Amino acid sequence: MPLQYLKGVGPRKAADLTKAGLNTVEDLLFRFPRRYEDRSRMQTIISLRPGMTAAVSGTVLNAGLAHTRRPGFRLFSALVQDASGQIQAVWPNQAFLKDVIKSQQRIVLFGKVEIWGSRGLQITDPEFEIVKEREPGTGSGEPEEQLHTGRIVPVYERTGSVTTNMQRRFVWQALNQLPDDGFDPLPDDILKRENWPSRKAALWATHFPTEQTSVDQLNAFMTPAQRRLVFEDFFVFQTGLALRRHEHAQVGKSLVSKVDDRIRQSARAVLPFKLTEGQREALADIVADMQRTWPMQRLLQGDVGAGKTIVALLAAIVAIENGYQVAFMAPTEILAEQHYRTIVKTLDLSRRSGAKADGKPYRVALLSGRVTAATRRDLLPAIERGEINLVVGTQALIQQHVKFKALALAVIDEQHRFGVLQRGTLAAKGSNPDVLVMTATPIPRTLALTECGDMEVSVIRGLPPGRQPIRTMVKADSRRDEVYAMIRDEVKRGRQVYVIYPLVEESEKIDLKAATAMCEQITRVFPEFAVALLHGRMKGDEKESVMHRFVAGQLHILVSTTVVEVGVDVPNATLMVVEHAERFGLSQLHQLRGRIGRGQHQSTCVLLYQAPWSDDARERLKAMAETSDGFVIAERDLQLRGPGDFFGTRQSGLPTLRAGDLMRDGDLLERAFEEARTRVEAGTLSPGLQAYVKSVWQRQFGLITVG
Ligand code: ADP
Ligand code: MG
């Protein structure tokens, strides 16, 4: 039912509520209190002390606007008396109260007690409620309920012109109109097992808890009623995702891969090393998906350096040996070019050992923004004719009009900002290819269950053998000389060094100047070393040439902004100095650090900070020094930043939850996921629930449809 049907919700309030995402009565009921205040225990006036926040109940002796000397300032005050004494209540700048609070009324006040000059105590700007006397002749005998005082009171976040008091009244009204036999999305067996209340009872107990409820438990959102509603929220959401996955499994794909000994042999021939256990398992998941009749949607998570590339490449070989094509996409040109080189090198090795089953070489093409128009003109038709087996590029590959003859697999590397909807465009590109998304930012499980809940997930835990752990130190900027000494030693040993400078978007120009100045300073300090600067504003070929020289070992020190963040692989680089480390996010620091420790030499990461730093920054750098496990870091990052910010700007394509909090309610989310999945897969979802989930998804998430 739309909110306008509630008494008191006019067009203006309705508009404000809509802006906050509240359209229906159900939305309103699922906007839970931010906290609860215990206003149930009335204090006697005589027991009040300055500083207390207290609830008192009494009779108004007199009330009116007080005269003040400040022009334009009006103070409404009322003298309230209970059996123990009297206290003055004052409300600044609320002259309209003269028509509300009147002598002889019974009133309940809730507010802060303060010293009032020499005259004793006053209670300032309290919440109040007039206690209505029973109207003669109404018969019910019940006094009208108190909503705002004299009970455990729910406090809502203000939405536009809708104050917390108004929300309380609206919710009250809505709850009173709820039918007893309303639909409950939670199946009976779950309710019984968990011993949870019905939906209506849970809503009542969450918005207007009984006096016996523990306020601490309420504020922790841990009462059975609250947990039940959070679970319901997760359950409906996860059922929607499960239906999507289920529906997706009904979508056919035109290019189904097969695996036989010949193909296994080709893949083995490519392998430069033995796969780790984690890599083997992930590959098995992927290849199993590729042999299914519906398109793969799989997220491959693995820490930086876990070795995701080779797994994707082996999957690519399976598709290619089946006669199909593969698109391999990276987020930046530098990375696309690096992938191209790695892939060519790896496949080239295999040629020497006699692979690709048909004896012909693999045809791999790079289609980046820097490819000349002439090359492009040759490449595009060759791709369309199916002569190119594997195309490497940025995501422009799918946005532009590149046509494939038989695109069976799309690999999307180093990506976590790639939401459901964008993946949809890819699926729409004709043949419904298998999609493998890889991310080096481990996504905490709770987030993966919501943000990526329509994808299957494989995780590569651990790193390939023989890696030395990176030493990480946090140093004040004032100890820069020590750091310069470290740089000198490292370069003298034949190693290479990254000096990273932050580039914050808002002040990109200023920062760029600072990075340039830093590069000049480093050049002055180390005149005997080759130093160069890399930043995002350089032209593609400049960037490429700097990167090339660094990869080739011609540069000793690379001063770079975060463009070097993702995926760049230079095993001889063993020292990283991060300037202004206090400005970086935790996951970003972890990504940066992943650029070193990639070879057999001991690597060191120095995080330089400049005071003053915030507590959060201190926490971040501490976490960096304590652990190098990306999954631990991701959880810490989630705790520090909260889920909303974890992905940076929210581009994930999936909406926020109504009631659940991923940090607090992770256990419920996990259970909801399992319940939803088993029910959808077993086909035991009731038609009523299915219809309800569908309507919630359509209402909340617009275009996305399920079931
Ligand atoms: P990421 O998962 O960060 O993309 P890469 O795929 O770039 O990691 O791999 C990091 C490095 O580890 C590469 O140099 C790669 O050749 C190497 N590598 C990957 N797997 C193994 C393995 N099983 N044994 C030894 N080295 C490996
Ligand atoms: Mg990588």
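One residue stands out in region 566-589 among those that are under 20 Å from the mean Cα position of the chain (by Cα) and open to solvent by 10 Å² or more (accessible area, probe 1.4 Å): the one that is modelled with the lowest pLDDT, namely V566. Could you look through region 286-315, keep only residues that are within 14 Å of ligand 2 (Cβ to nearest atom) and without any contact (Cβ under 8 Å) to a residue 60 or more places away in the chain, and pick out the one that is nearest to L255 (Cα to Cα)? Within region 286-315, the match that is nearest to L255 (Cα to Cα) is L313.
What about E277, is it surrounded by fewer than 24 Cβ atoms within 10 Å (Cβ to Cβ), more than 16 Å from ligand 2 (Cβ to nearest atom) and either more than 17 Å from I388 (Cα to Cα) or at pLDDT 90 or above (or both)?
yes
The residue list L533, L503 contains one member that is of a type outside the set (K, R), surrounded by 13 or more Cβ atoms within 10 Å (Cβ to Cβ) and outside any loop (DSSP other than H, G, I, E, B), which is L533. Quick one: V457 ticks every box in (1) among the β-branched types (V, I, T); (2) over 21 Å from I522 (Cβ atoms); (3) open to solvent by less than 40 Å² (accessible area, probe 1.4 Å); (4) modelled with pLDDT of 80 or more bar one, so which box is it? For V457, the exception is condition (3).
Name the residue, out of L6, L17, L29, L65, that is assigned by TED's automatic domain parsing to the domain that holds G120 and open to solvent by less than 60 Å² (accessible area, probe 1.4 Å).
Values: L6 fails: assigned by TED's automatic domain parsing to the domain that holds G120; L17 fails: assigned by TED's automatic domain parsing to the domain that holds G120; L29 fails: assigned by TED's automatic domain parsing to the domain that holds G120.
Among L6, L17, L29, L65, only L65 is assigned by TED's automatic domain parsing to the domain that holds G120 and open to solvent by less than 60 Å² (accessible area, probe 1.4 Å).
Is it the case that region 424-436 has a residue that's at pLDDT 85 or above and either within 16 Å of ligand 2 (Cβ to nearest atom) or in a helix (DSSP H, G or I) (or both)? Scanning region 424-436, I find at least one residue that is at pLDDT 85 or above and either within 16 Å of ligand 2 (Cβ to nearest atom) or in a helix (DSSP H, G or I) (or both), so the answer is yes.
If you scan region 544-602, which residues turn out to be within 16 Å of ligand 2 (Cβ to nearest atom), of a type in the set (D, E) and within 18 Å of L503 (Cα to Cα)? The one that is within 16 Å of ligand 2 (Cβ to nearest atom), of a type in the set (D, E) and within 18 Å of L503 (Cα to Cα): E565. The sole residue among R658, R650 that is modelled with pLDDT under 75, closer than 22 Å to P187 by Cα and not in a helix (DSSP H, G or I) is R658. The listed residues are V525, V546, and the only one of them that is β-branched (V, I, T) and either loosely packed, with under 15 Cβ neighbours inside 10 Å or touching a residue at least 40 places away in the same chain (Cβ under 8 Å) (or both) turns out to be V525.
Exactly one residue out of A225, A220, A284, A288 is within 26 Å of R168 (Cα to Cα) and out of contact with any helix residue (DSSP H, G or I) (no Cβ under 8 Å at 6 or more places or on another chain), and it is A220.
Can you go through F237, F221 and tell me which one is within 23 Å of the chain's Cα centre (by Cα) and part of a helix (DSSP H, G or I)?
Details: F221 fails: part of a helix (DSSP H, G or I).
So the residue among F237, F221 that is within 23 Å of the chain's Cα centre (by Cα) and part of a helix (DSSP H, G or I) is F237.
When the test is whether a residue is within 26 Å of A634 (Cα to Cα) and either of a type in the set (V, I, T) or assigned to a loop (DSSP other than H, G, I, E, B) (or both), Q591 does not pass it.
Rundown of residues vs (1) of a type in the set (S, T, N, Q); (2) open to solvent by 10 Å² or more (accessible area, probe 1.4 Å); (3) within 20 Å of L463 (Cα to Cα), yes/no style:
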position: R620; (1), (2), (3): no, yes, no
position: A623; (1), (2), (3): no, no, yes
position: T627; (1), (2), (3): yes, yes, yes
position: G630; (1), (2), (3): no, no, yes
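Quick one: V318 ticks every box in (1) touching a residue at least 60 places away in the same chain (Cβ under 8 Å); (2) within 16 Å of ligand 2 (Cβ to nearest atom) bar one, so which box is it? The one condition V318 does not meet is (2).
The values are calculated or read from the model by the stated rules, or taken from the named source; none is laboratory data. Just so you know, these numbers come straight off a predicted model, no measurement behind them. Glycine gets a Cβ as well: all are built from the backbone with ideal geometry, and neighbour counts include every protein chain shown. Calculation scope for accessible area: heavy atoms of the full protein, side chains included, ligands and nucleic acids excluded. Shrake-Rupley method; radii C 1.70, N 1.55, O 1.52, S 1.80 Å.
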